[in-house]
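Chemist: First, the structure itself, so that you have it in front of you.
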Amino acid sequence: MESFSAALTSLVRERLPAAMAQFDAFSAANRAGRIEVDARLAKVWVGDREFTRSGYLGSLAEDRTFMWSWARDDLRGLPGIELSTRLREIGIRHDIPELRSALVDLDGFEDPWLAADRLALFAQAALGARGMAKLNHGGRAYVYVLVDDDAVPSAAPGPDHVDDYRRAAAELLAGGGERTVNTGGAPPPGTAPGFVPDALLAVLAPSAAVAMGRQGVPADAVVEPMPGPVSWHPAEGRVHSAGQPNSAFEAAAIGHYDHGRELWEWSDSQFRGSAAVRAAAAAHGADHLAAERVPLGASGAPRNAAYLLAMAATHLGGAAGWLDVPTATGRVILALTDPRCTAPGTDPDHACAALRQAAGLVNPLTRPHNRYPTMHSLVVGFLDHHGIGRLHVGEPYFTGGIIGLHELRAEFGSEGILMRVHHSPMGTFGPLGRPVP
């Protein structure tokens, strides 16, 4: 198998945007702590939160096969596999091979671990579950769990983000569904061997991690989006917020992402961060990224590529934060340059969230052989920027640092994927990175 079946992608196509929004909302609300499951009680614990009507979904083994939990003899008949069993029934009813087969062989995918993540997300979409998470089961094995507790609120993304989830879902289906043929001509020069060269990713990824936690910083040390819709006034170089009608903040346009044409256009503003990214791209043989107009279709993840360039520019330009404002064809991304805005520091929760978001942004643009160096540089660059003392014990399996009285750990899978970022009070981590009860 090199792609998921048309039967599966057709089933989840309309449901996937909502599932992605729900996954993001659940992950943001349950950021840190251990993950435990009691299949007899149908309960899942994420950190100190307990969820009912939840349990095992499936697991990815080291041989790159995914087994649904309904097929495990030791779990048969237990309430904690009800969701997995319901998924099998959906597979039988709609004749979906991936859902009605006990084992799904993912070895044919370029990245079986990413394929397993997608399969689990498709399962969440098919079931309409409220949340999904995974935990390392030793080595290269991972266990996926689903949460369907009524106490978990349903995601309600704002109108500006609904289209974002639809586009992200379309990109995900294109990457993990039926093979498609690009008839738009040859990729732009410089895309081989990767759309973003390995050496350039080492520059851009840490900057993106630093910038990810700075969306909409309207005042000193405030890390919250600007209240209400914002409008961009390029002639005056300011953004206005409907929630603060008497306030305007100086900003500089970084560029514009046209989602229909999968095109990034650098702004003609004099923002030094944009110049820094374009210079770095040219220096690393990626002239196609330094050009004024950057076709992103060859990247495989055009939205990720656009935001990677913009996030790196935000940090390299010394901006306090960033905003994206909807346009008729996409979004213009702005760097907040107002002197009233200062770049915030970080705390354990903020650090974990920023690193997770940055990893999700960068991972689809990273080739498998370069995944660990890129993700490691992403984490280390973030820690170094914030002056967080690093802990070297445990590498290459995990790296981390000390923030106040907490130890932060970023755990890597054997294929280099950043699998988990969490924190715990000093001295409470066990030798495998799990908090000691």
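The values are calculated or read from the model by the stated rules, or taken from the named source; none is laboratory data. Remember, predicted model here, so these are calculated numbers, not experimental data. In this analysis, Cβ positions are derived from the backbone assuming ideal geometry, glycine residues included, and neighbour counts consider all displayed protein chains. The protein model used for the area step is the full one, side chains on, heavy atoms only, and it has no ligands, DNA or RNA in it. Shrake-Rupley method; radii C 1.70, N 1.55, O 1.52, S 1.80 Å.
Chemist: Could you tell me which of the residues ALA343, ALA283, ALA253 is free of Cβ contacts under 8 Å to residues at least 12 places away in the same chain, surrounded by fewer than 23 Cβ atoms within 10 Å (Cβ to Cβ) and either out of contact with any helix residue (DSSP H, G or I) (no Cβ under 6 Å at 6 or more places or on another chain) or within 28 Å of GLY387 (Cβ to Cβ) (or both)?
Modeler: Being free of Cβ contacts under 8 Å to residues at least 12 places away in the same chain, surrounded by fewer than 23 Cβ atoms within 10 Å (Cβ to Cβ) and either out of contact with any helix residue (DSSP H, G or I) (no Cβ under 6 Å at 6 or more places or on another chain) or within 28 Å of GLY387 (Cβ to Cβ) (or both) holds for just one of ALA343, ALA283, ALA253, which is ALA283.
Chemist: Give the residues of the stretch 83-102 that are more than 20 Å from GLY55 (Cα to Cα) and part of a loop (DSSP other than H, G, I, E, B), sorted by residue number.
Modeler: Result: ASP95, ILE96.
To keep it simple, each residue is scored yes or no on (1) at pLDDT 80 or above; (2) surrounded by fewer than 18 Cβ atoms within 10 Å (Cβ to Cβ); (3) in a loop (DSSP other than H, G, I, E, B).
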| residue | (1), (2), (3) |
| --- | --- |
| VAL162 | yes, yes, no |
| TYR165 | yes, no, no |
| ALA168 | yes, no, no |
| GLY190 | no, no, yes |
| LEU204 | yes, no, no |
| VAL217 | no, no, yes |
| PRO225 | no, yes, yes |
| ASN246 | no, yes, no |
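To keep it simple, each residue is scored yes or no on (1) β-branched (Val, Ile, Thr); (2) closer than 28 Å to TYR257 by Cα; (3) at pLDDT 85 or above.
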| residue | (1), (2), (3) |
| --- | --- |
| THR327 | yes, yes, yes |
| GLY330 | no, yes, yes |
| ASP338 | no, yes, yes |
| CYS341 | no, yes, no |
| SER377 | no, yes, yes |
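Chemist: Just wondering, is there one or more residues in the stretch 115-123 that are of a type in the set (Lys, Arg) and in a helix (DSSP H, G or I)?
Modeler: Yes, the conditions are met somewhere in the stretch 115-123.
Chemist: Would you check if there is a residue in the stretch 418-428 being under 24 Å from ARG214 (Cβ atoms), surrounded by 14 or more Cβ atoms within 10 Å (Cβ to Cβ), at pLDDT 90 or above and among the aliphatic types (A, V, I, L, M)?
Modeler: Checked against the condition, which is being under 24 Å from ARG214 (Cβ atoms), surrounded by 14 or more Cβ atoms within 10 Å (Cβ to Cβ), at pLDDT 90 or above and among the aliphatic types (A, V, I, L, M), the stretch 418-428 yields no hits at all.
Chemist: Moving on to the next point. Name the residues in the stretch 386-417 that are touching a residue at least 24 places away in the same chain (Cβ under 8 Å) and open to solvent by 60 Å² or more (accessible area, probe 1.4 Å), would you?
Modeler: Scanning the stretch 386-417 gives PRO396, TYR397, GLY404, SER414.
Chemist: Further, regarding this structure: Out of GLY185, GLY177, GLY213, which single residue is touching a helix residue (DSSP H, G or I) at 6+ places or on another chain (Cβ under 6 Å), at pLDDT below 70 and not aromatic (Phe, Trp, Tyr)?
Modeler: Answer to the check: GLY177.
Chemist: A further question follows. Would you call ALA313 at pLDDT below 95, assigned to a helix (DSSP H, G or I) and of a type outside the set (D, E, K, R)?
Modeler: Judged against the criteria, ALA313 is not a match.
Chemist: Is it true that some residue in the stretch 257-266 is surrounded by fewer than 22 Cβ atoms within 10 Å (Cβ to Cβ), among the aliphatic types (A, V, I, L, M) and either in a loop (DSSP other than H, G, I, E, B) or touching a residue at least 12 places away in the same chain (Cβ under 8 Å) (or both)?
Modeler: Yes, that holds for at least one residue.
Chemist: Going residue by residue through the stretch 351-369, is there one that turns out to be among the charged types (D, E, K, R), closer than 21 Å to ASN304 by Cβ, in a helix (DSSP H, G or I) and open to solvent by 10 Å² or more (accessible area, probe 1.4 Å)?
Modeler: Yes, some residue in the stretch 351-369 is among the charged types (D, E, K, R), closer than 21 Å to ASN304 by Cβ, in a helix (DSSP H, G or I) and open to solvent by 10 Å² or more (accessible area, probe 1.4 Å).
Chemist: Let me ask something else. Based on what the data block shows, is ARG331 under 26 Å from TRP264 (Cα atoms) and in a helix (DSSP H, G or I)?
Modeler: So ARG331 does not fit the description; no.
Chemist: Of a type outside the set (A, V, I, L, M), touching a residue at least 24 places away in the same chain (Cβ under 8 Å), within 25 Å of GLU62 (Cβ to Cβ) and surrounded by 15 or more Cβ atoms within 10 Å (Cβ to Cβ): does that describe PRO112?
Modeler: Criteria met by PRO112.
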